[in-house]
Amino acid sequence: MITREEAVRLLEEHIASENMRRHCYASEAVLRALARRLGHNEEEWGIAGLLHDIDVEITKADPLIHGPYAARLLDGKVTPEALDAIVMHNEMATGMERTTAFQQALAAGETITGLITATALVYPDKKVSSVKVKSITKRMKEKAFAASVKRENILECEKIGLSLEEFAGLALEAMTSLES
């Protein structure tokens, strides 16, 4: 498996957008927190969170090739489990149901970063630290739900044994640590 430093170099080589890079770093933080909480390999899950969208700019996020293209880029660089989770984080690309905790955690973890970021934009200081768990769960119920954030992906957290509230709190804490 590649080191974090190698993964960062790969990310910066393939992702030009600062917003997308921030999303990838936030996903890494959330996945590391989830791995710690669930007793899984923190390094492996963190690298998957960091690299899950490595192909998003190349594929223009085309749901039919986003994920499988990343698999070709990352084959031999990450564990087979991480590669599988990266491919499965976007269910539209595969049409298959996620069945492992790693697949479910990556889908939920990377998706909630978008929701938390969108929710932070509603607050005057626009910081993740201003977001509360209650506001996340409230936003999930709104009709005008954050664009490109799939409610179903966030609810994958329940399949790995975390309530939405616990998951949102864990993700907020992980993302807030990046603001410091």
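Tally up the residues in the range 1-13 that are in a helix (DSSP H, G or I) and surrounded by fewer than 18 Cβ atoms within 10 Å (Cβ to Cβ), please. Looking only at that region, the number is 6.
Would you mention how many residues in the range 14-23 are closer than 18 Å to Ala71 by Cβ and part of a helix (DSSP H, G or I)? Total meeting the criteria: 1. Of all the listed residues (Ile58, Ile2, Ile47), the sole one being in contact with a Lys or Arg (Cβ under 8 Å, 6 or more places away or on another chain) and more than 18 Å from Glu110 (Cα to Cα) is Ile2. Hey, any hits in the range 24-44 for a residue that's within 16 Å of the chain's Cα centre (by Cα), outside any helix (DSSP H, G or I), surrounded by 20 or more Cβ atoms within 10 Å (Cβ to Cβ) and modelled with pLDDT of 95 or more? Scanning the range 24-44, I find no residue that is within 16 Å of the chain's Cα centre (by Cα), outside any helix (DSSP H, G or I), surrounded by 20 or more Cβ atoms within 10 Å (Cβ to Cβ) and modelled with pLDDT of 95 or more, so the answer is no.
The values are calculated or read from the model by the stated rules, or taken from the named source; none is laboratory data. This structure is a prediction, so every number in the text was calculated from the model and none was measured. Using ideal geometry, Cβ is built from the backbone for each residue, glycine included, and neighbour counts are taken over all protein chains shown.
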